[in-house]
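The values are calculated or read from the model by the stated rules, or taken from the named source; none is laboratory data. Nothing here was measured: the structure is a model prediction, and the numbers come from that model. Cβ atoms come from the backbone with ideal geometry, glycine included; neighbour counts cover every protein chain shown.
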Amino acid sequence: MKFVLATKDYSGLGFAVRLTDEGHEVMAATNPSAEDMAEPKRREAFERVGSGLVRKEPLRTVMERRGEMREWYWIWDHNHSVEENETLRAESFKVLGGGEHANSMEHDRKACLDFAATYGLEAPPSFAFSKTCDAIHFLEERRGTAYVYKPDEGANFETFLPESEDAVDANEELRVHLATIESGRGFILQERKEGVETNVEVWFDMGEPVFAFMGIESKKRFALDMGELVGCAFDFVFTIPLECRAVRESVGKLYPAYRKMKYTGFGDANFIAAGDGVWFFEKCERFGYNAHPNLFYNLSRRGLGEVLANLLDGSFKPDFSGGFGATVTMSTKENAAPGKAIQFPRKLWPDIFLWDAYRDGDHILIAGYDPDGYVLIVNGTATPFRPRGRT
């Protein structure tokens, strides 16, 4: 089969490598940001990523000759290049991921919350601010309630979740934190809910649900919940029935919207199951940081290419193992320079999902593109637990 992997930052490099290893014809169609191309060292690092591992070409030139590639499957690794994505969809190409709706759900917080609320998924009470002094005053008037700080723009680690379990202490902790932040850009304070945070994802074929799984992740960079917040430090993934309560009370409420859109792809909901109900946080129809490598590498009994093609062809049948998959995100030390070798036993190659890497001869090296030093994901799986002496 033939696949185009459209990427802005190589977050889908591991998928392109896996598809290549499976024997498919693969093109990584790159569309970097203007910032990446403006600074020479940054541009050089971007151009190193994936070299020697996959075939690469600018998305712009791939689009120019798309008429020759109608039989290809076009995969977006996350939400970017919306115009190109919508052009392909309008011309009836087979496209998975990306597009206007998915981009809006991830990057427009208000639009996402409004969309979810329309179908009965309510977020915890949230309050918008542009000045930290106003937010501090707001917290002082509500000292008995804990809140979370979420910037409208910025890196993952800028979200601030108070460590204190006691609401009064957590409120004070956030006030102290806000006093260290410069005003000037929008943010929200969202009421902290006590419960279990999780993510449910459902796959759709022309608006009809066909498969579901659940992910539980750690969002802090170091072990024991130490370090700053990141996208995903490690996670656990396992399949769940479409009929289960976790689906019904989360993504299940959005079924009418997906049917109306005749949507094919992934639809998820990140929420917390609390004592006072299910509280929606966010959603984004795209490949997750760790969740999809976890699912495809650890639990799928079918090849990655077969799963993606079948989903787009309308012939997908779930075929995943029981138990759970687990991943760990690996990053460099602060002083790890580009060109450093990534060393691991060869037998682990099928379990490695590469991000910031390239090949030089027989060696896999760090490209030095990712600003936070994230290099790869390591995957592993476990079968369902069976007590000794029982069958």
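Out of the residues in segment 215-245 that are surrounded by 19 or more Cβ atoms within 10 Å (Cβ to Cβ) and aliphatic (A, V, I, L, M), state the one that is modelled with the highest pLDDT. The residue in question is Val237.
Filter segment 187-211 down to the residues that are without any contact (Cβ under 8 Å) to a residue 60 or more places away in the chain and part of a strand (DSSP E or B), then identify the one that is farthest from Cys244 (Cα to Cα).
The first filter runs over segment 187-211 and keeps only residues without any contact (Cβ under 8 Å) to a residue 60 or more places away in the chain, leaving 187, 207-209.
The next check asks that each one be part of a strand (DSSP E or B); those that pass are 187, 208-209.
On the way: Phe187: 35, Glu208: 16, Pro209: 13 Å.
Out of the qualifying residues, it is Phe187.
Take Arg175 and tell me if it is assigned to a helix (DSSP H, G or I) and touching a helix residue (DSSP H, G or I) at 6+ places or on another chain (Cβ under 6 Å). Spelling it out, Arg175 is indeed assigned to a helix (DSSP H, G or I) and touching a helix residue (DSSP H, G or I) at 6+ places or on another chain (Cβ under 6 Å). Here the strands (runs of 3 or more DSSP E) wholly within segment 15-104 that include at least 1 residues being among the small types (Gly, Ala, Ser) are 25-30.
Conditions tested, residue by residue: (1) hydrophobic (A, V, I, L, M, F, W, C); (2) in contact with a helix residue (DSSP H, G or I) (Cβ under 6 Å, 6 or more places away or on another chain); (3) on the phi > 0 side of the Ramachandran plot.
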| position | (1), (2), (3) |
| --- | --- |
| Gly98 | no, yes, yes |
| Glu106 | no, no, no |
| Arg109 | no, no, no |
| Leu113 | yes, no, no |
| Thr118 | no, no, no |
| Phe127 | yes, no, no |
| Phe138 | yes, no, no |
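Taken over segment 126-147, the residue count meeting the criterion of being modelled with pLDDT under 90 and in contact with a Leu (Cβ under 9 Å, 6 or more places away or on another chain) is 2. For segment 62-77, the count of residues that are touching a Lys or Arg at 6+ places or on another chain (Cβ under 8 Å), over 24 Å from Gly361 (Cβ atoms), in contact (Cβ under 8 Å) with a residue 60 or more places away in the chain and among the acidic types (Asp, Glu) is nonzero.
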